[in-house]
Amino acid sequence: MGAGSSTEAEREPLLVPAYVGTNSQPVHSRVYGRRWLVLILFSLLGLMQGMVWNFWGPIENSAVQAYGFTKSDIAVLVLWGPVGFIPWLLFMWLMDKKGLRASLLLSAVFMLLGATLRSIPVTDLHVRRWMIHGGQFLNGLAGPTIMSAGPYLSTTWFAPDQRATATAVATLFSYLGGAASFLVGPLIVPAPNDSQAAAALSSSSIQSRIQLVMYAELAAIAVLFTAVLFYFPSRPPIPPSVAAASQRLSYRSSICRLLSNFRFLMIALAYAVPTGVIAGWAGVLDMVLTPVNVSQVNAGWVGFWSIVGGCIFGVAMARFADSIRGMLKLILVLMLAGASLSSTWFTLTCLSSFTHLPSTSAILYTSCILVGVFINSSVPIFFELLIETVYPVPEGITCGVVTFLGNLATGLLLFFLTFYCTEVSWLNWCVTGSCLFSLVIILFFRESYDRLYLDVFVSV
């Protein structure tokens, strides 16, 4: 497999001799019931981190009136999520050296500090805006661990026939948090009043509702932080599989291995470009749908169902991948083909004045939701294929690199949006192009299953 494949020595487990003969003892492995509690705590933290990150996009119009934000400000508030990935190497080092507990606790501290900072009720709007920006940035610093540690958790705690499902749950709950923001924000926070006479009263009402939601999110994060502080072990006493107990590359060797592996770089780009572009696009979905006369509340429902549908479909496909192994590439091809078709449909529908295609609310909603369903559901499948491709590189480091690249794509998109926010149809073309780009790469990608090889051919 070239420079990107693992050697036989690297596949050897730690718990058995290098030679596995007919009379050798099998590796003693065990799965613990507490793994579900660990998965739930991690997933709920991801849910809250996603909710805080996507808080302002769905209520863009309300935030503009209540706090004096501009459209560029809303884009920057969403941009703090990708900016939080700048020190990703530090978080990956901490996870590799100290385990998942230390890394997750640090992320929970950042989330708690960020939620507290943005919830302080300062009357000076200028100071309040800066505090909100600071809170969003601190929440973004939790992203490297929350968004990349799911596969590491699933390998450490779950048996091989449950790994993809656990990866899907741990990964997609962060996306589900973004979906919850599409629902909670527009339903609780009222839309701005167009009447000039009622503008002051409307602003005061909007601010009080926004404050209520921020207090509720702060309370939820505080409870989860306390739970993780009291109980969140890094690993079980006995590993659940041979792969979980096997020798891994060091931190430095892993980074060098990844950057020199052409097959990894191929699939990393195939993952990062569409997921990064669509994350930025979804974060300002209200801005995208406003020109086609979709209200703030309806845009919230579209965003909600696109992510919830992706989460449900993603868990179902991950369970299918656990049942029929070695089919990850085929699953991705089908998902990306669906994303390419639905994004093209949505983009052309938004330009109905030029394309003369039928443009109804049902068509806009359906095509937009399908884009989110296909791309969001592909995330855990991408993670599993990446890990299989570069094994024995640790899962946390592998997923840390690709999530950094995905957030880099999101950051670049939102950076350009701060300058070109008057007319945003170009965002839809970026979504379509990114899906087609990823589909072409996956079609030419040569898959391998090094981790699966270890679990199948070494007696457990």
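Part of a helix (DSSP H, G or I) and surrounded by fewer than 24 Cβ atoms within 10 Å (Cβ to Cβ), is that true of GLN65? Taking the combined requirement at face value, the residue satisfies it. Among the residues of the stretch 181-189, is any part of a helix (DSSP H, G or I), among the polar types (S, T, N, Q) and surrounded by fewer than 16 Cβ atoms within 10 Å (Cβ to Cβ)? No - not one qualifying residue is present in the stretch 181-189.
Just one of the listed residues (LEU229, LEU187, LEU212) is over 25 Å from GLY68 (Cβ atoms) and either of a type in the set (Lys, Arg) or over 15 Å from the mean Cα position of the chain (by Cα) (or both), namely LEU229.
Being in contact (Cβ under 8 Å) with a residue 24 or more places away in the chain and open to solvent by less than 20 Å² (accessible area, probe 1.4 Å) narrows it down to one residue among LEU385, LEU436, LEU408; which is it? Let's see the steps before the verdict.
Working: LEU436 fails: open to solvent by less than 20 Å² (accessible area, probe 1.4 Å); LEU408 fails: open to solvent by less than 20 Å² (accessible area, probe 1.4 Å).
Unique residue meeting the criteria: LEU385.
Based on what the data block shows, is LEU117 in contact with a helix residue (DSSP H, G or I) (Cβ under 8 Å, 6 or more places away or on another chain) and buried (at least 24 other Cβ atoms within 10 Å of the Cβ)? Here the answer is no, as LEU117 does not meet what is asked.
None of SER250, SER203, SER295 is under 24 Å from TYR67 (Cβ atoms), open to solvent by 30 Å² or more (accessible area, probe 1.4 Å) and not basic (Lys, Arg) except SER295. Quick one: is ILE86 of a type in the set (Val, Ile, Thr), outside any helix (DSSP H, G or I) and either surrounded by fewer than 24 Cβ atoms within 10 Å (Cβ to Cβ) or at pLDDT 90 or above (or both)? Answer is yes for this residue.
Among the residues making up the stretch 68-80, those that are in contact (Cβ under 8 Å) with a residue 60 or more places away in the chain, open to solvent by less than 10 Å² (accessible area, probe 1.4 Å) and assigned to a helix (DSSP H, G or I) are ILE74, ALA75, VAL78.
Condition check: in contact with a Phe, Trp or Tyr (Cβ under 7 Å, 6 or more places away or on another chain) and either of a type in the set (Val, Ile, Thr) or not in a helix (DSSP H, G or I) (or both). Does ILE146 satisfy that?
no
Of the residues examined, PHE304 is not one that is surrounded by fewer than 22 Cβ atoms within 10 Å (Cβ to Cβ), aromatic (Phe, Trp, Tyr), modelled with pLDDT under 90 and in contact with a helix residue (DSSP H, G or I) (Cβ under 6 Å, 6 or more places away or on another chain). Summed over the stretch 411-432, the residues that are farther than 18 Å from VAL371 by Cβ, assigned to a helix (DSSP H, G or I) and open to solvent by 30 Å² or more (accessible area, probe 1.4 Å) give a count of 3.
Among the residues in the stretch 232-247, are any without any contact (Cβ under 8 Å) to a residue 40 or more places away in the chain, in a helix (DSSP H, G or I) and either closer than 20 Å to ASP96 by Cβ or open to solvent by 30 Å² or more (accessible area, probe 1.4 Å) (or both)? Scanning the stretch 232-247 turns up no residue that is without any contact (Cβ under 8 Å) to a residue 40 or more places away in the chain, in a helix (DSSP H, G or I) and either closer than 20 Å to ASP96 by Cβ or open to solvent by 30 Å² or more (accessible area, probe 1.4 Å) (or both). SER154 - would you say it is within 20 Å of LEU385 (Cα to Cα) and either polar (S, T, N, Q) or at pLDDT below 85 (or both)? Considered against the rule, which asks whether it is within 20 Å of LEU385 (Cα to Cα) and either polar (S, T, N, Q) or at pLDDT below 85 (or both), SER154 comes out as yes. Scanning the stretch 338-364 for residues that are at pLDDT 85 or above and open to solvent by 40 Å² or more (accessible area, probe 1.4 Å), we see that the one that is farthest from CYS399 (Cα to Cα) is LEU348. Scanning the stretch 120-136 for residues that are surrounded by fewer than 19 Cβ atoms within 10 Å (Cβ to Cβ), in contact (Cβ under 8 Å) with a residue 24 or more places away in the chain and in a helix (DSSP H, G or I) returns LEU125, ARG128, ARG129, HIS133.
The values are calculated or read from the model by the stated rules, or taken from the named source; none is laboratory data. Quick caveat, the model's predicted, so the values are computed rather than measured. Cβ coordinates were reconstructed from backbone atoms using ideal geometry, including for glycine residues, and neighbour counts include every protein chain displayed. We work out accessible area using only protein heavy atoms, side chains counted, and drop any ligands, DNA or RNA first. Shrake-Rupley method; radii C 1.70, N 1.55, O 1.52, S 1.80 Å.
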